[in-house]
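One structure is given here, and the rest of the page talks about it.
Please treat every number below as a calculation from the coordinates, not as lab data. Quantities reported herein were computed from a predicted structural model and do not represent experimental measurements. Positions of Cβ are backbone-derived with ideal geometry, glycine not excepted, and every protein chain shown enters the neighbour counts.
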Amino acid sequence: MKRLFFVVSILFFLFGGVCIGTSVADPGTNQPVALSSLVRVVVGTSDRMTSVLTTEAQNYTMEGQIFYLLGPDTTISGTSPVYRLYNNYNDHMDSLSTNEGGYVSGGTLGKGWTSSSAQAGVSADVRAYKASTNDHMNHHTYESLPAGYTDEGTMIYGFRRYNNTDTSLVGVSGGGITANANLVAGASVWEWWWNGKQFLNDYDCGRQLQVALQVPSLYYDTSECGDLNYNQSNEPWKRHGSPVVSYSASVGILQSSTIPLDYGNQYSNHWGTSQDTPNLWLNWRLGKEITLNFNGMGPVAKFKANVTAAQTVTNEGVLEFPMIYLPSSFNRFWTYNAASNSLTEVTSSMPDGCSSGAPGYTFTPNYGGVIISDSTQGYAIGIYAGNRSVGGAANYFAMWKFWCSGDGSGQYKNDTSKLDVVYGNSASIPSGQSSYTSYVINGTVQNVANRMGQLYLSGYK
């Protein structure tokens, strides 16, 4: 549902009663590169096969999404095509050759890197063989081989995926908060716990607590999580999460770096996206460092967003650092001006985010932030930062209520409330890495405001 301010062709090769596909995209700083989403299925009772088409894969027993490779027509040095082969004994085999061992080629699955050091974040795509059934299969090294298979060695390197798994959580705790990042979904923060309550909405991949960036002139629309195919209406093997380059979770500090997928919504008429073809901004990174119990303040988390831009973004771009989506039970909205120590409820002034243009409520203090709470005011979450005019990173804060479907409140419900802090519009993002700091705070409404006031008096911005 990412609300901020690709055309791929499929060619089919018919062989052995099945189809595979190829996609077209050119890599570059100013555009994403097309990927092939590889899934493994079982044909009949024993033939494990790699597929890149959901229309094909859904006809067989599904073992899940195993890798992203580059699209077959990309031209990146240090890569090699991967072919799907077939023989007369009803065995499919992935290979770097078009005619290995008497097998014949039915087409190209994609391109992988020939070395693990050639691309950050890749891991080994390993081929295995089961002699009793004359069957080949490919797998990542984080899964166990089925009985009877032995590894034949690494074939290629790609971005590992998570089979039929929707979540793989890694988390830290401190100051009464537990933050769990989902490695399946670009290490976006999937759960945020305080005082026994989970605060986040994860209906689709545009929500969560995460960094998001949009650059209109490049038709660039990304968040840490992934693309629009990662949603509750899709089975896990169809969902596209962004590849994670690195992560760590220790001593109350959660860090991650992600290569973002293009979301495929805001500029869908430009790059295009499909169920089979994610688009990856290969030379860009979105990441974060979250420090819980910041400065010994309990449920105060320092949030540092890290952006690696492949080129300078001049006087445009909208960076949310972070955006936070909540269940719709968080239904009261507040602003806090730290300089005047003014806490104001603005619930009655909130526009309907479901109407045309999805308007939000904006707030621009020199120091302060926005807060959303439940009806009791007992559970609240807020974002604090200093404005750019006083040396902080914020242009403005915003809040929305997207209570559009009436499906109720919950982590995986469509109805949601949102708050964020934004750097952008007339601001520039330099080439290379830059960082942007805010503070995420939990407590009662009054306690969140009080802690914002303490940050202000201590000179944080």
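Observations
- Fewest-first sequence of Cys225, Cys205, Cys404 by Cβ atoms within 10 Å of each Cβ: Cys404, Cys205, Cys225
- The amide H of Tyr396, built 1.01 Å from its N in the peptide plane, has Val422 as neighbours under 5 Å, considering only residues 5 or more places off or on other chains.
- D (Stokes-Einstein, µm²/s), Kirkwood Cα radius, the chain, 1.306 mPa s at 10 °C: 69 µm²/s
- In a simple Cβ point-charge model (Lys, Arg +1; Asp, Glu -1; nothing else charged), the range 11-163 has a dipole of about 160 debye relative to its Cα centre.
- Gyration tensor verdict on the range 76-163 (Cα atoms; rounded if a/c is under 1.5, prolate if a/b is larger than b/c, oblate otherwise): oblate
- Mean-position separation - Cα centroids, the range 180-253 and the range 429-461, in angstrom: 21 Å
- Label-point separation, Thr364 to Ser168 (7 Å along Cα→Cβ), nm: 4.4 nm
- With neighbour counts taken as other beta-carbon atoms within 10 Å, the residues Trp193, Trp237 rank, fewest first, as Trp193, Trp237.
- Taking every alpha-carbon pair under 8 Å whose residues sit at least 6 apart, the range 169-457 reaches a relative contact order of 18 percent.
- Mean residue ellipticity at 222 nm, helices only, the chain: -1000 deg cm²/dmol; runs of at least 4 DSSP H residues each add -39,500 (n - 2.57), and the sum is divided by the number of residues.
- Gyration tensor (alpha-carbon) shape descriptor, the range 313-461, a/c threshold 1.5: oblate
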